[in-house]
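The block underneath contains the structure these notes are about, expressed in structure tokens.
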Amino acid sequence: MLSLLSHLSKKTTISIDDLLLVYSEHFFDVLVNSYPELIKQYKDPIDMLASIESHIHVEVQKIYPDAELPTFQIQNKTKNSLTMIYKSSRAMYYFGLGLMNKTFEHFNSSAEIIMEKLKEDGTEVKFIITKN
Ligand code: HEM
């Protein structure tokens, strides 16, 4: 996927980050249609995002043992905010940003999401999420 993205980015002069953002918005709709029972368990976007590591991606790994997933380490969680550290050798943090935005949209909500690169290459990024 990263190799396809890199070629598409060169051909279209659209940045890889912008391509990942658009693709993740489409991918969220695919997830909602393919795994409705997984998403229906959640009533709140913050709770859902805080459960990617402990529940959602755990289930994904059971279905697709070869899936290459990121880790999300929770630093702080309140009713209306969540701070998590994204880690992945693939540096697909814009894919995460798009999925997070769509998660809020799914619950008819919205949030301010700040990304702070902890490593220049984007393999570690802090997400500071505040519900509006
Ligand atoms: C029902 C919900 C979800 C399902 C079924 C799901 C499933 C998946 C799958 C199949 C992949 C690709 C793995 C591979 O190709 O090897 C993936 C990647 C990813 N997922 Fe999820 N996901 C879900 C929700 C989320 C949410 C809400 C986020 C929000 C941050 C997220 C963040 C990511 C990221 C950032 C990647 C890219 C891989 C990387 O960065 O290393 N996922 N997920």
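The values are calculated or read from the model by the stated rules, or taken from the named source; none is laboratory data. If you're wondering where the values come from, they're calculated on a predicted model, not measured in any experiment. In this analysis, Cβ positions are derived from the backbone assuming ideal geometry, glycine residues included, and neighbour counts consider all displayed protein chains. Calculation scope for accessible area: heavy atoms of the full protein, side chains included, ligands and nucleic acids excluded. Shrake-Rupley method; radii C 1.70, N 1.55, O 1.52, S 1.80 Å.
According to the Kirkwood expression over distinct Cα-Cα pairs, how big is the hydrodynamic radius of the chain, in Å?
15.4 Å
Helix 2-12 versus the longest principal axis of the chain: what angle, 0 to 90°, nearest 10, using Cα atoms?
For helix 2-12, the angle is close to 60 degrees.
Once the Cα atoms of helix 93-106 and of the chain are each reduced to a long axis, what angle between those two axes, in degrees from 0 to 90 to the nearest 10, is obtained?
Once rounded, the angle reads 40 degrees.
Computing the accessible area with a 1.4 Å probe over protein heavy atoms, can you report the carbon and sulfur percentage for region 74-132?
45 percent
Given a 1.4 angstrom probe, I'd like the percentage of the accessible area of region 5-60 that is carbon and sulfur, rounded to a whole number.
Answer for region 5-60: carbon and sulfur cover 60 percent of the accessible area.
Relative to the longest principal axis of the chain, what angle (0 to 90°, nearest 10) does the C-alpha long axis of helix 16-34 take?
50 degrees
Rounded to the nearest 10 Å², what accessible area does residue 123 have for a 1.4 Å probe in the complete protein model?
Taking all protein chains as shown, residue 123 has close to 30 Å².
When the helices in the chain are scored as -39500 (n - 2.57) per DSSP H run of 4 or longer and the sum is shared across all residues, what 222 nm value do you end up with, to the nearest 500 deg cm²/dmol?
Rounded to the nearest 500, it is -13500 deg cm²/dmol.
Just to confirm, what accessible area per residue do you get for the chain at 1.4 Å probe, in whole Å²?
It amounts to 60 Å² per residue over the chain.
Do any of 43/102; 40/87; 77/131; 79/102; 10/126; 62/131 go past 21 Å between their Cα atoms, and which?
40/87; 10/126; 62/131
Using only Cα atoms, locate the centre of region 1-45 and the centre of region 93-132, then give the distance between them in Å, rounded to an integer.
Using only Cα atoms to place each centre, the spacing works out to 13 Å.
If exposed GluC sites (Glu not before Pro) are those in a DSSP loop with at most 11 other Cβ within 10 Å, what is the longest stretch of the chain that has none?
Looking at the chain, 1-67 is the longest stretch - no exposed GluC sites (Glu not before Pro) with at most 11 other Cβ atoms within 10 Å.
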